[in-house]
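Okay, so here's the structure we're looking at.
The values are calculated or read from the model by the stated rules, or taken from the named source; none is laboratory data. Everything numeric in this text was worked out from a predicted model, so none of it was measured. Quick reminder, even Gly has a Cβ in these numbers, built from the backbone with ideal geometry, and neighbours come from all protein chains shown. These area figures cover heavy atoms from the full protein model, side chains too; ligands, DNA and RNA do not enter into them. Shrake-Rupley method; radii C 1.70, N 1.55, O 1.52, S 1.80 Å.
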Amino acid sequence: MKEMTCSEAIVQALVEQGIGTIFGIPGAQTYPFFDALSKYEDQIKLVVPRHEQGAGYMAYGYANSTGKIGVYCAVPGPGVLNTTAALCTAHNTRVLCIAGQVPSAYLGVGHGMLHELADQLGILRRLTKWSDRINHAAETPAIMANAFKHLTSGRAQPVAIEVPMDILAETAPIQVNFPALPSAAYAPRESAIAQAVTLLREAKHPMIMVGSGATHAGSEIETLAKLIQAPVVSFRGGRGIVSDESPYGFNCAAGYKLYKDVDLTIGIGSRLELPAFRWQEGVAPSKLIRIDIDPTQIVRLRAEVPIVADSKLATSALLKALQKDFVQPPSREEEFKQIKADSWQDIQKVQPQMSYLKIMRDVLPDDGLVVEEISQVGFTSWFGFPVFKPHQLITCGYQANLGHGFQTSIGVKVANPDKVVFSIAGDGGVMFGIQELATAMQFKIGVILLIFNNNAYGNVRRDQINFYDGNIVGSELVNPDFVKLAESFGATAYRSNSYDEFRAHLEQAVIDSTSGPVVIEIPCERGSEASAWEFLQPAGYGQ
Ligand SMILES: Cc1ncc(C[n+]2csc(CCOP(=O)(O)OP(=O)(O)O)c2C)c(N)n1
Ligand SMILES: [Mg+2]
């Protein structure tokens with residue numbers, strides 16, 4: 001036991017858990033925490049954004065691109081609320097929010113204390129897997145141990161703690177080096193594996209669908225795919241689990257070509273958004289085996305064989321059970337390669353996006369990362385940008401929140417300082433977080449920001465033209481000069497007026513980005529982009 005403040009104990013807990021970076025903006029209610037943080041600056045690096053939403057997205061990018069825990073801190077009320085879109089987006093990642101709170105004596109009083117927000121803990125609980133308040137400094141180790149238990153076990157999801165200002169500064173005899181709490185193991189039941197094996201033996205056209213819950217199970221999944229001769233289809237979070245270079249790795253556009261014949265779907269760590277929401281029309285539903293670590297998820301889309309388990313453990317168990325006497329079907333590799341090649345031809349009509357994405361793929365090293373954005377090039381990247389490994393294409397998932405991209409990419413680059421990071425943006429979305437260019441300059445974070453500028457909320461504008469008799473409302477924009485804007489922050493900036501210029505600027509940006517951020521503006525004629533939606537939502541339009 002050692003007498004220390006709650007803030008010091010939180011910081012020590014973070015250090016013990018190997019947290020090396022925290023994102024946040026200090027304020028009155030969190031002064032004691034930032035003061036404690038400064039005493040550990042050689043162990044925990046502080047990155048200070050220019051808006052709290054940036055802190056949330058940066059922690060999200062950090063977590064999503066690594067599978068590790070991303071941490072941010074915000075003052076209560078407006079500070080915490082500024083991070084809530086990011087917290088929603090972090091739905092499938094290990095993000096820890098450390099929230100300030102009004103002094104204990106004012107909790108729930110409604111007197112209007114600085115930054116007071118009624119039932120902040122209730123709000124955080126709705127947005128996270130688990131949240132709690134530290135009500136006394138002595139509780140710090142127990143609450144932090146619980147927070148890390150939830151962060152590291154079961155489904156990867158965000159967690160929050162809030163701490164009243166006086167408690168952050170309060171001292172108590174505290175035991176550091178707290179023990180890890182036991183967490184659920186989620187091994188598959190033998191009976192469920194046996195049922196799954198029965199379905200797998202009967203299946204003529206199985207399809208595996210993977211999501212972000214399977215990013216650590218790639219080699220088992222590819223072995224299973226080869227054994228049962230199934231394509232492995234991913235939409236966003238599952239991209240790269242099986243490489244797009246493998247004949248078994250399918251994006252959503254290529255996967256849809258096989259869908260009508262599928263008689264058995266094996267969903268692994270995925271909400272199955274493609275068959276559930278995007279592919280249904282006119283297609284007979286197949287039987288379903290679902291592997292998911294989240295027991296609450298498994299009841300949402302009922303399967304013939306639900307398996308509540310870790311995706312790696314369950315896939316290994318399936319392999320073991322199948323390897324006894326499973327008769328491997330004839331190879332479909334040539335068929336798969338042909339379907340993928342045909343699909344690749346089909347999607348070439350999504351121009352100019354596919355041409356830009358090709359240049360990006362050519363220039364980006366194989367281990368580089370791309371952060372998408374809700375924009376024409378971003379949507380197209382979901383199927384048009386080949387991905388080789390998990391965590392290499394970072395998306396905002398089903399929140400589809402415009403404006404996350406650049407801010408997220410800063411966290412991605414902080415977590416992957418030696419890798420090249422491209423951040424895709426439209427002129428609309430980038431303005432949600434362009435101020436973080438100051439953060440990237442100050443902390444020398446070498447993200448390469450690509451602004452595809454069509455002077456419009458282009459996706460909305462096209463919808464209005466197509467579905468509202470051409471009545472364009474609120475979707476045309478007047479923008480700043482993005483090159484001058486970037487330069488005013490001190491960043492290197494280019495404007496690419498042709499594909500050749502884009503390639504040359506991108507190659508140069510990879511070199512420039514070793515010392516700081518680089519911005520490339522790519523002017524696009526308003527309304528000139530082909531829609532990517534027929535490949536994302538073939539059964540009907542919508543997001
Ligand atoms: C938080 C949020 N607000 C609004 C939207 C609705 N929305 C979807 S796409 C879009 C326009 C995107 O414009 P831009 O970033 O310029 O990309 P473009 O489609 O022009 O390539 C808007 C407003 C959204 N998805 N998320
Ligand atoms: Mg635009």
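Observations, loosely collected:
- Neighbourhood charge, 13 Å Cβ-Cβ cut-off, centred on LEU46 and excluding it, Lys, Arg +1 and Asp, Glu -1: -1
- Once all protein chains are placed together, GLU245 keeps about 140 Å² accessible to a 1.4 angstrom probe.
- Between segment 377-438 and segment 121-138, the C-alpha centres lie 29 angstrom from each other.
- Our summary gives the chain a relative contact order of 13 percent, counting only alpha carbon pairs under 8 angstrom and 6 or more residues apart.
- Cα gyration tensor shape for segment 319-461, rounded if a/c is under 1.5, else prolate or oblate: prolate
- Evaluated at q = 0.14, 0.19, 0.22 Å⁻¹, a Debye calculation over the C-alpha positions of segment 9-67 (equal weights, vacuum) places log10 I(q)/I(0) at -0.39, -0.72, -0.94.
- With only the Cα atoms considered, segment 79-141 has a convex hull volume of 87 Å³ per residue.
- Part-to-part distance (alpha-carbon centres) for segment 323-375 and segment 196-264, which is given in Å: 13
- Extension gain, ASN497-TYR31: 0.36 nm per intervening residue step, less the Cα-Cα distance, totals 163.0 nm.
- Rolling a 1.4 angstrom probe over the protein heavy atoms with all chains in place gives the chain an accessible area of 39 Å² per residue.
- The orientation-averaged shadow of the Cα convex hull for segment 267-346, equal to a quarter of the hull surface, comes to 7.1 nm².
- DSSP beta bridges in the chain [antiparallel fraction, %, rounded to 5]: 10
- Loop-located chymotrypsin sites (Phe, Trp or Tyr not before Pro) in segment 452-481 (DSSP state other than H, G, I, E, B) with a sparse environment of at most 15 neighbouring Cβ atoms within 10 Å: TYR468.
- Projected area averaged over orientations for segment 62-177, convex hull of C-alpha atoms, nm²: 7.1
- Kirkwood-based Rg to Rh ratio, segment 220-326, C-alpha trace: 0.93
- Extension reserve of the LYS444-SER191 stretch, reckoned as 0.36 nm per residue once the Cα distance is removed: 85.7 nm
- Segment 69-172, relative contact order in percent, only Cα pairs under 8 angstrom and at least six apart counted: 36
- Solvent exposure, largest accessible area first (probe 1.4 Å, DNA, RNA and ligands not counted), of TRP130, TRP533: TRP130, TRP533
- With helices as the sole contributors, the chain gives -11000 deg cm²/dmol at 222 nm; each DSSP H run of n ≥ 4 counts as -39500 (n - 2.57), and the sum is divided by every residue.
- Portion, in percent, of the accessible area of segment 176-315 that falls on carbon or sulfur, probe 1.4 Å: 54
- Prolate/oblate/rounded label for the chain (Cα gyration tensor, a/c 1.5): oblate
- Take the Cβ atoms of ASN479 and THR171, set R0 to 45 Å, and the FRET efficiency comes out at 0.30.
- For LYS2 and LEU46, the FRET efficiency from 1/(1 + (r/R0)^6), where r spans their Cβ atoms and R0 equals 30 Å, is about 0.80.
- Applying both filters, DSSP loop and at most 13 other Cβ atoms within 10 Å, to the trypsin sites (Lys or Arg not before Pro) of segment 191-289 gives LYS204, LYS260.
- Computed on segment 20-104, the Cα convex hull volume stands at 86 Å³ per residue.
- Each Lys and Arg Cβ is given +1 and each Asp and Glu Cβ -1; about its Cα centre, the chain then shows a dipole of about 1120 debye.
- Three-way shape call for segment 404-473 based on the alpha-carbon gyration tensor, with the a/c threshold at 1.5: prolate
- Estimated dipole of segment 371-474 in Debye, rounded to 20 [Cβ of Lys and Arg +1, of Asp and Glu -1, Cα centre]: 280
- Residues GLN435 and VAL460, FRET efficiency given R0 of 35 Å [Cβ-Cβ distance, rounded to 0.05]: 0.90
- The value for segment 436-543 of Rg(Cα) / (2.2 N^0.38 Å) is 1.29.
- Heavy-atom accessible surface of segment 419-543: percent carbon and sulfur, 1.4 Å: 50
- The mean of 1/r over all pairs of different alpha-carbon atoms in segment 127-210, once inverted, gives a Kirkwood hydrodynamic radius of 16.4 Å.
- Computed on segment 287-361, with alpha-carbon pairs under 8 angstrom and 6+ residues apart, the relative contact order is 20 percent.
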